[in-house]
Amino acid sequence: MHAARDIAQRGPSDRWLGNWGSFILWSGFGFLLLILLFITWAAPDILPFLPFIFLAGAGAIVLFQYPLLNLATVMCGFVLIVGFSAGLGIGEALYGLYYLAFLGHWFFTRLILNGTDICPRREERVLLLFLILATATIPISFVFGAIPSFVMGEWLSLTMLGFYWPIKEAVEKHPKGLKVVLGSVIFVGLYVLARNLLEYRSDLANAEAVWQIATSRAITNESLLMVPGLFCIVLFLRTRSWWGRAFFLGAVLGLFAGLILTQSRAYWVAYFLGAGITFLFVPGKDKLRMLTVGVLSAAGVFAIAYIVLGEYLLLVLTGLFDRFLTLETAVTKDISLINRFLEAKGVWLHIKVNPVLGYGMGVPYRFFNITYLYSESKTFVHNGYVALWFKFGIWGTGMMLFLMLRFWMLSFGNWWKKLAAPTPRIISLAITGAITALAVTATTANPFYQNDLMFMYAVLWGIVGGIRAGGKRWMNSDSELAIPDRS
């Protein structure tokens, strides 16, 4: 009784918190292990993978002792779920458990064990409130006929925004945090590039008609090519070593080529818009370097295409050129784009009935699909802003627009007000361009219910928040970020 009264009066001691915190964390790991054993029992086909599951669990326990390494691992491990294959693979399931355990551990240790104020800024409080309210709409969504699997998928995509806080902390407090985060993002981008190129090459090899070669495309994870590409441009401008410049130039070349092969016109426009914002504000010598990067990238892409594609090159260029020429008339003549306008029109009928509260996640709507000429019921809306209003009403749309505008202002403020050293400043400027680019693509490619785009938003916002929160430490941080000249 006396111990309980002392705890009530003075609060729990550090030892008490540490003991119970360790117990809860280890219990959590044990619970996850039981889940894995149950999955193995329910699906005997994966029994041979059981030793690897135990090794993965042991490795995770070790990783959780090293926060920065753990963050890099969970970010690089994102490549396990960047595809859009049907069903749930063992790798995706393991990553999902690891990712949720990572976020759960981070929030538990900061909020419960350390008593850290994780939301000192207004935009962080809005982000946390948005995630809480979005989760609270799950019961409402079932009232409106939501499909459970789509509810879970959309909610898991939104939880990717939870990466904001670990990334912000790493950038703010760890000397190598920004370098680790940027390296992880570029790794993910290069992985997606390699996968897309292999799939594209396979499509060309399996093509049975000329038109299939001309129109072949690798249309997945465009944002994971675009944003790392914008980062590599500015890192090329600030890297001091020749080997570093060669690496980033090669990365820009490859990522740009990968983005071209997606044949996604919205991302083409967005990429040049993002790079254009950087070009507009950098000094004259950096403008010359960017033009050099552009020329070398174009020449390099053509040379590599000639070597790799061979006799297919002319057909591929014809398809790309035709796609480029449709930019001007896409809004009025492209049937796929017109179909997305009809989607938005169908959703708008629901929004007018319930504009304030919204319908929640996973709720289907119906519209007439002119591509296949039938009335289709679906949950995904290509226009991201219309989708936000449909699912979360005015409150959710307003909060998300506030977050996008606020982090845009913070990133540009880091550059314009010279709140950091040259390297983190120009990274902030690249993020300004990336946020602008993603805001444009959101009109035709909904980012708010896709893992890769929510992951990328969390990365961009987390870097900006970390640089801003780091304060004076970032005024002399170039020595921590620059790749040394060993030539």
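Taking loop as defined by DSSP and a crowding limit of 14 other beta carbons within 10 Å, which trypsin sites (Lys or Arg not before Pro) in segment 131-203 fit?
Working: sites: 168, 173, 176, 179, 195, 201; in loops: 176.
In loop regions of segment 131-203 (DSSP not H, G, I, E or B), the sparsely surrounded trypsin sites (Lys or Arg not before Pro) are 176.
Compute the length gained on full extension between residue 76 and residue 110: take 0.36 nm times their separation in residues and subtract their Cα-Cα distance, giving the result in nm to one decimal.
Working: separation 34, 0.36 × 34 = 12.24 nm, distance 2.29 nm.
The span from residue 76 to residue 110 would gain 9.9 nm if fully extended.
For the pair residue 125 and residue 377, how long in nm is the line joining their label points, each one 7 Å along Cα→Cβ?
Here the modelled spin labels are 4.3 nm apart.
At what distance in angstrom do the alpha carbon centres of segment 383-408 and segment 246-303 lie from each other?
Between the Cα centre of segment 383-408 and that of segment 246-303, the gap is 30 Å.
For 349, 224, 97, what ranking results if the residue with the fewest other Cβ atoms within 10 Å of its Cβ goes first?
Numbers: 349 11, 224 27, 97 19.
With the sparsest Cβ surroundings first, the list reads 349, 97, 224.
Long-range amide H contacts for residue 240: which residues qualify at under 5 Å (H placed 1.01 Å from N, peptide plane, sequence gap of 5 or more or a different chain)?
Under 5 Å from the amide H of residue 240: 483.
Within straight cross-link reach of residue 417, meaning Cα distance under 21 Å, which lysines are found once same-chain residues fewer than 8 apart are removed?
168, 285, 287, 472
Arranged from highest to lowest average of other beta-carbon atoms within 10 Å per residue, in what order do the peptides 413-426, 450-463 appear? Show your work: numbers first, answer last.
Numbers: 413-426: 19.1, 450-463: 24.1.
The densest-packed peptide leads the list: 450-463, 413-426.
Using +1 on the beta carbon of Lys and Arg, -1 on that of Asp and Glu, and nothing else charged, what's the dipole of segment 82-179 about the Cα centre, debye to 20? Before the final figure, lay out each step's value.
Working: 8 positive and 7 negative charges, 69 e Å.
Dipole about the Cα centre, nearest 20: 340 debye.
Write down the Kirkwood hydrodynamic radius of segment 90-159, to one decimal in angstroms, obtained as one divided by the mean of 1/r over all alpha carbon pairs. Before the final figure, lay out each step's value.
Details: mean 1/r = 0.0710 Å⁻¹.
Computed over Cα pairs of segment 90-159, the Kirkwood hydrodynamic radius comes out at 14.1 Å.
Ranking request for peptides 101-107, 436-442, 352-358, 136-142: highest mean number of other beta-carbon atoms within 10 Å first, then the rest in descending order.
436-442, 101-107, 136-142, 352-358
What list of ³J(HN,Hα) values in whole Hz, one per residue of segment 251-262 in order, does the Karplus curve 6.51 cos²θ - 1.76 cosθ + 1.60 (θ = phi - 60°) give from phi, with Gly and Pro shown as x?
Computed from phi, the couplings for segment 251-262 are 5, 4, 4, x, 5, 5, 4, x, 5, 4, 5, 5 Hz.
Sort 431, 118 by Cβ crowding within 10 Å, fewest neighbours at the top.
Working: 431 29, 118 17.
Fewest-to-most Cβ neighbours within 10 Å comes out as 118, 431.
Just rank 385, 449, fewest to most, by other beta-carbon atoms within 10 angstrom. Present the calculation step by step, with values, prior to reporting the outcome.
Numbers: 385 17, 449 23.
Lowest count first: 385, 449.
Where the only charges are on Cβ atoms (+1 Lys, Arg; -1 Asp, Glu), what is the dipole of segment 327-471 about its Cα centre, to the nearest 20 debye? Don't skip to the answer; put the middle values down first.
On the way: 12 positive and 5 negative charges, 83 e Å.
With Lys and Arg at +1 and Asp and Glu at -1, about 400 debye.
Which distance in nm do the two modelled labels at residue 136 and residue 280 give, with both placed 7 Å along the Cα-to-Cβ direction?
Here the modelled spin labels are 3.8 nm apart.
We did not get these values from a lab; they are worked out from the coordinates using the rules stated. Bear in mind that the values here come from a model prediction, so they are computed numbers and not experimental data. Virtual Cβ from ideal backbone geometry, glycine too; neighbours counted across all protein chains shown.
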